[in-house]
Structure formats: structure tokens, C-alpha cells
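The values are calculated or read from the model by the stated rules, or taken from the named source; none is laboratory data. In this text, all values refer to a predicted model and were calculated from it rather than measured experimentally. All Cβ positions, glycine included, derive from the backbone under ideal geometry; neighbour counts span all protein chains shown. For the accessible areas, the whole protein counts, side chains as well, though only heavy atoms, and no ligand, DNA or RNA atoms are used. Shrake-Rupley method; radii C 1.70, N 1.55, O 1.52, S 1.80 Å.
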Amino acid sequence: MQHEQEYQHALVAVKEKLKQTEGVDMKETMQEEIRQWFLEVRDSTGKFPEYPDEEDGGSASIFKAKDPAELEKEMLEGQEGGDKGKKEKKKEKAEKKEKDKGKKGKTPEQAQEGFKMTESQFVPDIVSASKLYTDVWQRRDESDNLRQAYDVETVKEEKRLEVEAELRVHVDTLMQEELDNLQMAVERDKGKKGKKGGKSGKKGKKSKKGKKNAKKGKKKGEKDLTPDRTPESLFKELVAEGVIVDYPRVRLHDYVGEYSYLGTTLRQANIEPMPSMSDVRRVITEYTILPLGE
């Protein structure tokens with residue numbers, strides 16, 4: 001009972017910790033993969049794809065590993081009808097040859113049709129359990145686990161999938177909106193190009209008027225909104241309103257502080273640390289002071 005309580009508590013605690021430490025990275029990775037898929041489909045087909053429905057698994061269906069049979073089916077569907085006919089004929093010939101070989105090579109005892117047992121309904125469960133043992137437990141050393149407590153890494157792997165599934169629902173909503181905005185932007189650009197093409201024919205007749213209007217537009221755009229003000233008075237007003245701020249002069253040695261010794265540890269836990277004063281001095285020196293001497 002004690003181990004069971006610890007295990008149930010760990011399921012909740014590990015899941016929350018994964019959300020805090022790996023959740024942001026998971027979302028960013030999913031979004032980058034989906035955006036890359038948008039671009040690949042657009043480059044190959046000339047238009048953005050339709051986003052998968054939630055009933056079909058959402059974006060998870062895009063990156064789902066496919067069986068060899070499914071891949072073969074897609075390849076056959078993507079080819080032309082003539083190629084399909086040739087392949088089907090070759091397949092039929094190969095099947096006929098195999099049947100002929102089987103008939104010739106069979107003994108009289110094998111040729112007799114007998115009773116064939118159907119596959120047991122327990123076989124899939126046995127195969128699944130065997131695969132689980134081979135993948136997880138066969139090469140694991142449990143000699144130090146005398147208490148037979150739960151394994152933290154196993155719980156993490158299990159809960160990581162749950163966290164990813166929960167985050168994917170939110171990511172799918174965001175990326176669906178992003179895809180809609182991209183499609184709207186493309187349609188808007190097409191409409192603008194069409195209007196420009198229509199106006200180009202009219203410019204030939206009204207070229208002189210167009211030049212006059214352009215000159216008038218330039219004059220209107222260059223109008224000074226503060227003709228009676230000097231630059232000094234405008235600068236004073238911006239300072240008085242707080243738009244321009246006079247910051248005190250600070251020297252590099254005024255940034256007093258040490259190196260952040262916990263920075264590496266925090267980054268390993270996927271937490272970006274706050275920069276220390278030593279980091280500020282280093283960045284100013286490398287990217288502001290040293291380039292001045294080049």
C-alpha cells in the first residue's frame with residue numbers, strides 16, 4: 001500500500017513538474033514542426049494545406065508513423081493510371097508463378113486440405129506484453145531497487161505523452177488561427193495584385209494628370225506641422241513631457257556583481273536565469289566597447 005500511495009502521488013507531481021519545466025519547449029517545438037509542414041506543402045502544391053480535424057487526431061496525425069502498407073497505398077494513389085496498370089499486371093503474373101510453383105512443389109500430403117486453426121484472440125495481448133518486456137524491462141538492472149519502488153524515468157516517459165497530448169490541443173487551436181490568417185493574407189495579396197493590373201491600363205491615358213497629382217501629394221506630405229517652433233523648443237517640450245529621458249552617466253565599473261554560478265544548473269532544468277552584473281559587463285564589453293576599436 002505504501003508503494004502504491006507513493007506511485008499515485010508521483011503520477012500527479014511528475015506531471016505538474018513536466019508542465020512547468022518542459023511545457024514551453026514542447027509547445028515551441030510543435031509550433032515549429034507545424035509551420036515547417038505549412039511551408040513544405042505550400043512549396044510542393046502551391047497553396048497552404050487544410051488543417052486536420054480534431055476527430056482525426058489534429059496535428060498528431062501529420063507526424064504519425066505510417067505502416068509500410070499505408071505508404072505503399074499512398075504511392076500507388078499518387079502515380080498515374082498507366083503505371084498502375086503495369087504494376088498490377090506484373091503483380092498478377094508474379095502471383096500466378098507462385099501458385100504454379102506451389103502446386104508443382106507440394107507433396108500429396110501437403111496438397112490435401114485439412115483443418116486450419118484460427119488465430120487465438122489472446123495472441124495480440126501476449127505480443128504486446130512481450131514487446132513491453134523487451135523494450136522496457138529486459139536490460140534494466142533492478143539489483144539496487146530492493147524496495148521495488150517506482151521508477152522516476154518510467155513515470156516521466158508515461159506522463160510526458162499525456163502532457164504533450166494536452167498541449168497539442170491548445171497548439172492546434174493557435175496554429176489553426178495562424179493558418180487562417182496566412183490564407184487570408186494570401187487572398188488579400190492576390191486581390192491587390194488584381195487591382196494594380198486593372199489600374200495599369202488607365203495610367204497610359206492619364207499620365208500627365210497622374211504626374212501632377214503625384215507632385216501635389218509630395219508637397220502635402222512634406223508640410224511642416226510646427227512651422228513656428230524651433231528645434232530647441234520642441235526638444236524642451238519632449239523632455240518636459242517625459243518622452244526624452246536624460247539618463248545618468250554610468251561607468252562600466254559601476255556594475256558591481258559576480259558571475260552567476262547557478263546559471264548552468266538552471267539551464268539544465270530548462271529555466272533561463274536572470275543575467276548577473278558580471279554578464280552585463282561582459283555583454284557591454286564584447287558587443288559595444290570592442291566593436292568601437294575595429
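What to note about this one:
- A simple rule links phi to the HN-Hα coupling: the Karplus curve 6.51 cos²θ - 1.76 cosθ + 1.60 with θ = phi - 60°, which for region 269-275 gives 8, 6, 10, 7, x, 6, x Hz, with x for Gly and Pro.
- Exposure ranking of M26, M277 by accessible area [1.4 Å probe, largest first]: M277, M26
- Interchain or long-range residues, amide H under 5 Å from D151's placed H: none
- Computed accessible area, H253, all protein chains, 1.4 angstrom probe, square angstrom: 130
- The share of C-alpha pairs in region 112-178 whose separation exceeds 19 Å stands at 65 percent.
- Summing Lys and Arg as +1 and Asp and Glu as -1 over all other residues whose Cβ lies under 14 Å from the Cβ of M274 gives a net charge of -2.
- Shape call, region 221-294: gyration tensor on alpha carbons, a/c limit 1.5: prolate
- Given charges at Cβ of Lys, Arg, Asp, Glu: region 219-276 dipole, positive-most of T230, V256, M274: T230
- Convex hull volume of region 1-53 per residue (C-alpha atoms, cubic angstrom): 98
- Within the shell of other residues whose beta carbon sits under 11 angstrom from the beta carbon of I244, the net charge comes to -2, with Lys and Arg scored +1 and Asp and Glu -1.
- Given K190/K223; K64/K116; K131/K159; K15/K131; K131/K156; K19/K47, the pairs whose alpha carbons are separated by over 30 Å: K190/K223; K64/K116; K19/K47
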